[in-house]
Structure formats: structure tokens, C-alpha cells
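Enquirer: Quick one: the structure is below, and I'll ask about it shortly.
The values are calculated or read from the model by the stated rules, or taken from the named source; none is laboratory data. Values in this document were obtained by computation on a predicted structure and should not be read as measured data. As a convention, Cβ positions derive from the backbone with ideal geometry for all residues, glycine included, and neighbour counts pool all protein chains shown.
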Amino acid sequence: MGKFSRLGNELYGGRKSYDFVHKKTLWYLVSIVLVTAAIAVVLLRGLNFGIEFTGGTQYKVSLPASQVNQTSADTIREAVAGAGVAEAEAPIVTTAGEAVLVQVEELTQAESDKITTAIEGSMDGVQDISQDEISASWGEEVAQRAALGVAVFIVLVMLFIGIYFREWKMSIAAFVALFHDIAITIGVYALSGFQVTPSAVTGLLAILGFSLYDTVVVFDKIKENTHQMRQSRQTYAEAANLAVNQTLVRSINTGIVALIPIGAILYVSAVQLGSSSLQDLALSQFVGMAVGVYSSIFLAPRVLVHLKSNETEVVLAEKRAKARARAAADKYAAVPTTLAEDTPVVDPDHDPVDGAVPAAAPARTAPRRQQEATGRGRVAPAARGPVQPSASSGGRNQPSRKPRSKRGKP
């Protein structure tokens, strides 16, 4: 744990860094492959919608509390599947309170009687069997309302991000990440064959909120790091990559803490209890949260950097970084071999934009040197008075000065 904490401190301070932003080809390719595979699975296999969406028949079998368990559910499932009714060959049997729920497709009255007889013959102690018909029109309305809820959520999310960050490109990047998460989660549902129920839609909305929260945290750090790029001497991509590294440990910790209990619920509901409502909810949340962590680290920042790459300030920061890199590679490459008197003086604090050499610097020239004496090494100032040899200076001519009383007299 101490090593992991030190790693987090090194990532936050920039002493250690992983490149999540610059490898755009790799991360784009991974995301495109995952989304394409998910869409292909949905088109080839389709989604297994529950009777809440397609309509059907539901039987509620009341049993003593001691008999409401997975063993009873398995026994009833085998009896219904073997009743000789085509629409009931793959029933959904779950436990709910003090009853066992059996869900099948729409049946005629004769087929319904066969199912009832099969259930009564499979278990001892059946207290009551109630039957409910769910129409397809009601299921279609549920599907429309679920789709409307997801659409409203996405629109509100984009508006919130655009207003909060005052940056519409962040809204687009967040939307791309949300679409990525939704597509992969739906693809996993199609691949697993789990039923799509209202609980699954609820779980989908929940994981969208989780993915958005993680993305907003990363974007907030990016905004902080890119507030003054000129002073930080970083490019937009470098500042964004630093932000991802600074929030990496937090994203991983949050994801693990969230996935452990949901994974336990998924295992218990799918393996031990066979509870459809719980496993639908747990599956959507488990897959969505895992994919949400991935998209907030690898996809959303990369898309944002891509969208910002054509802005003037970002382009200038890239050019300044390239100029600094060339100067660091060869410090004397821009120094001329000979210096003339009119050679421009380069300001060391000046940061060339396009990598130009001193010619692009401000036009400041060095002052011309005065003509020096050729014998003594310096130019003697003009004498203000009479000059005569002086014994104290070795016979050299020195200016003489008369007392005030004798000045002006011969």
C-alpha cells in the first residue's frame, strides 16, 4: 500500500508519467474495435427483452417460506420447460419474497392450463398460483419511456458540462465517452443473453452517472493545468496527460471500491439466487462502471485533445515546445560563426514561436565601439589646462594647475 501511495505522489507531481494522450492511434483503435464488436453482437444476436417490453404471461407461485429457494426455482423451471408448450421452452424463473415467479411468452388459455398443471405437479405445498398478462403495447410504452429517459439524461449532461467548464468541446468529448460506455454495455447484454428489464435500464442510467463523474474529475484537472500554458511552458497534450496521471490513482481506487460489491451482487444473484431483477441491475452496473473507468482515462481526454488541436493558442504552444526541443538538442546550433557590429542581440527570455533564429528576435543592436588609441590601450581625455612634463609621473606630460592667486597671471 505504501508503494502504491508513493506511486500516486510521483504521478501527481509529474516525476513519473504514463502516456495516455499521445498514443491516439492505439486508444482510438481499441475503442473502435470494442464498439464495433458490441454493435455486431447486437445486430447478430439481438437483445433478450423481458416481458415488460415484449409482453407475456407471468405466474406467481406461492409456497411456504422454507421452499422458496433456488432448488424450487430449478424444479419449476424444468417442469415448465417440459410441459410441451413452445412459448414456454425457455422460462425465466426467479424467487421473490415468499413466491416463485415464472415468466413466459404470451399463451393461449389451453397452453396456460398446461403450464399451471405442470407447476402444481412439480412441487408439493403449492398454496396458490396467480396469473398476470402483460400486453406488448404496455411493454412498447415502457421501452419508449426508457429511451426518452436516456436521451434526456445525455442532453442535460452535455448542457451541464458546457456551462460548468464553458467549453463545448468538453461536452462533445464526454458524449463520445458516454456513447462508448452505452454501446459496450448493450453489447455485453446481447452476448450474455441476460434479459433487458426496467432494472437493466435503471442500472444503465446509474453507470452513466458514474462514468460522467469520473470524466468530469479528469476534465476539471485538465482545465486547471491548461489555464496558463505559456507560464507552465507545456503543450495542451502534455498538460492533459499530466491531469490524467494526477487523477489515475483516484480513478482506479474509485472503480475498485465500486466494482467489488457490485461483482458480489452479480455472483450471488446469477449463480446462487437466480434473481433476474438483481442480476440485470448488477450486470449493467458492473460492465458500465468498468468501461467508464477505461473511457475516462483513455478515451475522453484523447478526444478532447484532438478537438482542441486546431485552436490558435494550442498550436502556438506546440510550436514553442518544438523550438525549445530543438534548442535543447543543440544549444549552439543558432550561434553564428562570426559576429558583426550590427548583429542583433537575442533576448534570452524571448520564446520564439516558430523556432526562428536570432533574425526573428526584437531589433536591438549592440552599441558601436569607440575608436581606441593605438599606443596606450585607451583614449586620453582632452586636457583642460596647460600640459607639461612631470617628475612624479616619470616625465610624462601631465596637466598642471596653478594656485588660485596666480591664475590668469603671466
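Enquirer: Tell me the residue from Gln246, Gln231, Gln195 that is at pLDDT below 80, in the same structural domain as Ser295 (by TED's automatic domain parsing) and either surrounded by 19 or more Cβ atoms within 10 Å (Cβ to Cβ) or in contact with a Ser or Thr (Cβ under 8 Å, 6 or more places away or on another chain) (or both), please. It would help to see each step written out before you state the result.
Expert: Numbers: Gln246 fails: at pLDDT below 80; Gln231 fails: either surrounded by 19 or more Cβ atoms within 10 Å (Cβ to Cβ) or in contact with a Ser or Thr (Cβ under 8 Å, 6 or more places away or on another chain) (or both).
Among Gln246, Gln231, Gln195, only Gln195 is at pLDDT below 80, in the same structural domain as Ser295 (by TED's automatic domain parsing) and either surrounded by 19 or more Cβ atoms within 10 Å (Cβ to Cβ) or in contact with a Ser or Thr (Cβ under 8 Å, 6 or more places away or on another chain) (or both).
Enquirer: I'm told Val93 meets every condition in (1) surrounded by fewer than 17 Cβ atoms within 10 Å (Cβ to Cβ); (2) not in a helix (DSSP H, G or I) except one. Can you identify the failing condition by its number?
Expert: The failed condition is (1).
Enquirer: For the stretch 45-76, which positions are polar (S, T, N, Q), surrounded by 15 or more Cβ atoms within 10 Å (Cβ to Cβ) and in a helix (DSSP H, G or I)? Give the steps one after another, and end with the answer.
Expert: At the first step, the residues of the stretch 45-76 found to be polar (S, T, N, Q) are 48, 54, 57-58, 62, 66-67, 69-72, 75.
Of the ones still in play, those that are also surrounded by 15 or more Cβ atoms within 10 Å (Cβ to Cβ) are 48, 54, 57-58, 62, 67, 69-70, 72, 75.
Within the stretch 45-76, Thr54, Gln67, Gln70, Ser72, Thr75 meet the criteria.
Enquirer: Is one or more of the residues making up the stretch 99-118 closer than 29 Å to Ala200 by Cβ, surrounded by 18 or more Cβ atoms within 10 Å (Cβ to Cβ) and under 39 Å from the mean Cα position of the chain (by Cα)?
Expert: No, the stretch 99-118 has no match at all.
Enquirer: Is there a residue being among the β-branched types (Val, Ile, Thr), out of contact with any Phe, Trp or Tyr (no Cβ under 9 Å at 6 or more places or on another chain) and in contact (Cβ under 8 Å) with a residue 40 or more places away in the chain anywhere in the stretch 153-171? Can you show your working first?
Expert: If we filter the stretch 153-171 for residues that are among the β-branched types (Val, Ile, Thr), which is where we start, we get 154-155, 157, 161, 163.
Checking the rest, the ones that are also out of contact with any Phe, Trp or Tyr (no Cβ under 9 Å at 6 or more places or on another chain) come to 155, 163.
Filter once more, keeping what is in contact (Cβ under 8 Å) with a residue 40 or more places away in the chain: none.
Checking the stretch 153-171: not a single residue is among the β-branched types (Val, Ile, Thr), out of contact with any Phe, Trp or Tyr (no Cβ under 9 Å at 6 or more places or on another chain) and in contact (Cβ under 8 Å) with a residue 40 or more places away in the chain.
Every residue, every condition in (1) out of contact with any strand residue (DSSP E or B) (no Cβ under 8 Å at 6 or more places or on another chain); (2) not aliphatic (A, V, I, L, M), yes or no:
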residue	(1), (2)
Ile129	no, no
Gln144	yes, yes
Val157	yes, no
Leu178	yes, no
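Enquirer: Next up: Can you find even one residue in the stretch 70-81 that is in contact with a strand residue (DSSP E or B) (Cβ under 6 Å, 6 or more places away or on another chain) and either in the same structural domain as Asn241 (by TED's automatic domain parsing) or modelled with pLDDT under 80 (or both)?
Expert: Checked against the condition, which is being in contact with a strand residue (DSSP E or B) (Cβ under 6 Å, 6 or more places away or on another chain) and either in the same structural domain as Asn241 (by TED's automatic domain parsing) or modelled with pLDDT under 80 (or both), the stretch 70-81 yields no hits at all.
Each row is one residue, and each column tells you yes or no for (1) among the charged types (D, E, K, R); (2) over 30 Å from Val305 (Cα atoms).
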{"site": "Ile92", "(1), (2)": "no, yes"}
{"site": "Ser112", "(1), (2)": "no, yes"}
{"site": "Ile115", "(1), (2)": "no, yes"}
{"site": "Asp132", "(1), (2)": "yes, yes"}
{"site": "Tyr164", "(1), (2)": "no, no"}
{"site": "Phe175", "(1), (2)": "no, no"}
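Enquirer: Considering every residue within the stretch 97-104, establish whether at least one is in contact with a helix residue (DSSP H, G or I) (Cβ under 6 Å, 6 or more places away or on another chain), more than 27 Å from Ser284 (Cα to Cα), assigned to a strand (DSSP E or B) and in contact (Cβ under 8 Å) with a residue 24 or more places away in the chain.
Expert: no
Enquirer: Now for a separate question. Tell me which of these Leu43 doesn't satisfy, since it passes every other one: (1) more than 24 Å from Val188 (Cβ to Cβ); (2) without any contact (Cβ under 8 Å) to a residue 40 or more places away in the chain.
Expert: Tallying (1) more than 24 Å from Val188 (Cβ to Cβ); (2) without any contact (Cβ under 8 Å) to a residue 40 or more places away in the chain, Leu43 fails exactly one: (1).
Enquirer: Going by the structure shown, is Leu299 in contact (Cβ under 8 Å) with a residue 24 or more places away in the chain, surrounded by 20 or more Cβ atoms within 10 Å (Cβ to Cβ) and assigned by TED's automatic domain parsing to the domain that holds Thr197?
Expert: yes
Enquirer: Quick check on my filter: what residues within the stretch 159-168 are buried (at least 17 other Cβ atoms within 10 Å of the Cβ) and assigned to a helix (DSSP H, G or I)? Before you say what the answer is, go through the steps one by one.
Expert: Filtering the stretch 159-168 down to residues buried (at least 17 other Cβ atoms within 10 Å of the Cβ) leaves 161, 165, 167.
Hits for the stretch 159-168 are Ile161, Phe165.
Enquirer: Hey, another quick one. Taking the condition of being closer than 22 Å to Ser309 by Cα and not in a helix (DSSP H, G or I), how many residues in the stretch 13-37 meet it?
Expert: Kept after step one, since they are closer than 22 Å to Ser309 by Cα, are these residues of the stretch 13-37: 17-32.
Those still in the list that are not in a helix (DSSP H, G or I) too: 17-23.
Going through the stretch 13-37 one residue at a time, the tally reaches 7.
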